[in-house]
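Since the structure comes first, as structure tokens, the remarks are kept for the end.
Every read-out reported here was derived from the displayed coordinates using simple, explicitly stated rules and does not represent laboratory data. Treat the numbers as computed from the prediction; the structure is a model and nothing was measured. Backbone-built Cβ (ideal geometry, glycine too); neighbour counts: all protein chains shown.
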Amino acid sequence: MKQLAFHKTVGFLALIVIVALSAPATAGTARKGISGDWQITMDFDGRQIESILSFSMDNQGKLTGQSIGFSVSELTDVKYEGSQLSFVQVNRFGDNEFRRTFTGTIERGKLSGIMSSDRGESKVEGKRLRRMPMAAGTWQVTFKVGERDVSATLVIKADDKNKLSADWQSQWGQHEITDVTFKAGKLTFKRTSKFQDRQWDSSFEAAVKGHKLTGTMKSEMGDIAVEGQRDGAALIGKWDLELTSDRGTRKQILQVNPDLSGLYGSIAIKKIDLEGKQVSFKIVRMFRDQESEITFKGTLNGNKLTGERTSSRGSQTITGLKRNRTPAKQQTTQAKKPTHQPDVIYVPTPQEVVEKMLELAEVKKDDLVYDLGCGDGRIVVTAAKKYGCRCVGYDINPKRIEESLENVEKNNVGNMVRIEQEDIFTLDLSEANVITLYLLPSLNVKLIPQLEKLKPGSRIVSHDFDMRGVTPDKVVKINSDNEYSEHTVYLWTTPLKKEDVSDE
């Protein structure tokens, strides 16, 4: 029997997600004091111009930023030391470039200073925009009462100071919710319910992770497990837009909040409508004391948004790409010891096999690739560099995690690749379009229940080992001059084609 070669390391571990950002102490201080969005007002030729300054850290831990208003302009040479802030705003109009220099301060959550150019000086004042709590929004919740499946709608609202209130909408009685809190990812509230001639009190506690809610409703009648999904999850986040018309092309930002309100540039959107994949909203823009209504209608397709923006001045075609929330740079800070030894030894997959796996899976820019047992991260790094897609690498071994993160940083793909220390057999894989494997056949089989939850058309590729009971779509042999003379790559697409193996 030939010696097994694996680039994977898989086992069991309590949930440990490693997403700490790497930056020098001074950069960390700067991030805390300035990172995020700032609503500013600038006095320009006697008019008050509103815009947003957005600051973040790049891959090298350096401050960078954007000014978001009628269009998007870059901020360069951003410096923040103590309370002193300075930057250069660069506006480009066709072949012309216009620069303005800002010097000022940030103190007690307020920004103030002077914007200077060859046209004079303008006073700037602003404050940090509050980030809406991730518990806000409309949640479709499900639970069981006895043997009966029950559904309800939980609507959580945040006021202008981010104080939360909630409404429980159900066909089963009337409900009043009080004492709504959201802290450290945990949502709690109290509920008083009335149904016919009965009244009872209950308390609710749930964890909010991304766009999923998992918790318990407790009352004198016992504990009830509750699960929830947020409406509009695919649309929520920040979108980089490109607007094209016969007058040229410019950039804009669309921010969609958890409750489907938002910002188009610096203009507030009260409500963004999402019906299936169809997106629409209206805004009113003031220009020289005149109101102009702007409408958008478009289609959501994964992390892409396409449509048309219409106003009294004509129409513009819009294409948008959703930003990846993955930190640009990662490092392990407290990698925990696995609860037991990994199930397989680690040997890297040859690079030519990595290339063939991704080629066979027909990876595209819009895909999300999960590598289960990522070893040194070579598959996710290659996928991000070659195809420009988002990737997540999972492994159990802290040493492998460190190697993967070093590889991500070395290849400057931290904006597309996330590395997590996880037990792969507890993962929800349903968000992925492509799964890559290099595991024992028995471990591939163990993953089948998770793989069956992938969206139709998702691709699974495995190096050297098949999946008993599931027919592959393709099997490709690769001759190699490296350590092993021949490798095999298996491809499956979902839904999986199950075989009858009961008589084997």
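Checked against a 22 Å cut-off, the cross-linked pairs Lys127/Lys282; Lys183/Lys304; Lys238/Lys282; Lys399/Lys477; Lys304/Lys498; Lys212/Lys282 give Cα-Cα distances beyond that limit for Lys127/Lys282; Lys183/Lys304; Lys399/Lys477; Lys304/Lys498; Lys212/Lys282.
Modelled spin labels at Ser280 and Val475, positioned 7 Å past Cα toward Cβ, are 5.3 nm from each other.
Applying 1/(1 + (r/R0)^6) with r as the Cβ-Cβ distance of Ala225 and Arg119 and R0 = 60 angstrom yields a FRET efficiency of 0.45. Here region 137-230 is assigned +1 on the Cβ of each Lys and Arg and -1 on the Cβ of each Asp and Glu. Its dipole about the Cα centre then comes out at about 340 debye. FRET efficiency for the pair Lys364 and Asp179, taken as 1/(1 + (r/R0)^6) with r the Cβ-Cβ distance and R0 = 56 Å, rounds to 0.75. Taking each residue as 0.36 nm, the span from Lys270 to Asn412 lengthens on full extension beyond its C-alpha to C-alpha distance by 47.3 nm.
When region 351-493 is described by a simple charge dipole with +1 on each Lys and Arg Cβ and -1 on each Asp and Glu Cβ, the residue from Trp492, Val380, Leu427 located farthest towards its positive end is Trp492. Taking a ≥ b ≥ c as the square roots of the Cα gyration tensor eigenvalues, with a/c under 1.5 meaning rounded and otherwise prolate when a/b beats b/c, else oblate, which class fits region 351-493? It is rounded, given that a/c, with a ≥ b ≥ c, falls under 1.5. Rg over Rh for region 249-296 works out to 0.99, both radii taken from alpha-carbon positions and Rh defined as the Kirkwood radius.
Summarising the label geometry, the points placed 7 Å from Cα in the beta-carbon direction at Asn96 and Lys110 lie 3.6 nm from one another.
Using bins of 5 Å that start at zero, the share of Cα-Cα pairs per bin across region 137-230 amounts to 3, 12, 24, 31, 18, 8, 3, 1, 0, in whole %.
Putting +1 on Lys and Arg Cβ atoms and -1 on Asp and Glu Cβ atoms, find which of Ala152, Gly185, Ala166 reaches farthest to the positive end of the dipole of region 137-230. About the Cα centre, the residue reaching furthest to the positive side is Gly185. With neighbours defined as other Cβ atoms within 10 Å of a residue's Cβ, the residues Val145, Val470 order from fewest to most as Val145, Val470. By the beta-carbon count within 10 Å of each Cβ, the least crowded to most crowded order of Arg323, Arg198, Arg128, Arg390, fewest first, is Arg198, Arg323, Arg128, Arg390. Per-residue Cβ neighbour counts within 10 Å put His211, His463 in the sequence His211, His463, beginning with the fewest.
As a calculated quantity, the FRET efficiency between Asp466 and Lys209 at R0 = 35 Å, using C-beta atoms, amounts to about 0.55. Under the simplified labelling scheme, the Glu291-Lys62 pair shows an inter-label distance of 4.5 nm, with each label point 7 Å from Cα along Cα→Cβ.
Between Gln351 and Val88, the contour length at 0.36 nm per residue exceeds the alpha carbon distance by 90.3 nm. When DSSP beta bridges are restricted to pairs lying wholly in region 351-493, around 40% turn out antiparallel. Placing +1 on each Lys and Arg Cβ and -1 on each Asp and Glu Cβ, with no other charges, gives region 351-493 a dipole about its Cα centre of roughly 380 debye. Within a straight-line Cα-Cα reach of under 17 Å, Lys209 can be paired with the following aspartates and glutamates, leaving aside sequence neighbours fewer than 8 residues apart in one chain: Glu227, Asp231, Asp259, Glu420, Glu422, Asp428, Glu431. Full extension of the chain between Asp197 and Phe70 yields a length gain of 40.0 nm, computed as 0.36 nm times the residue separation minus the alpha carbon distance.
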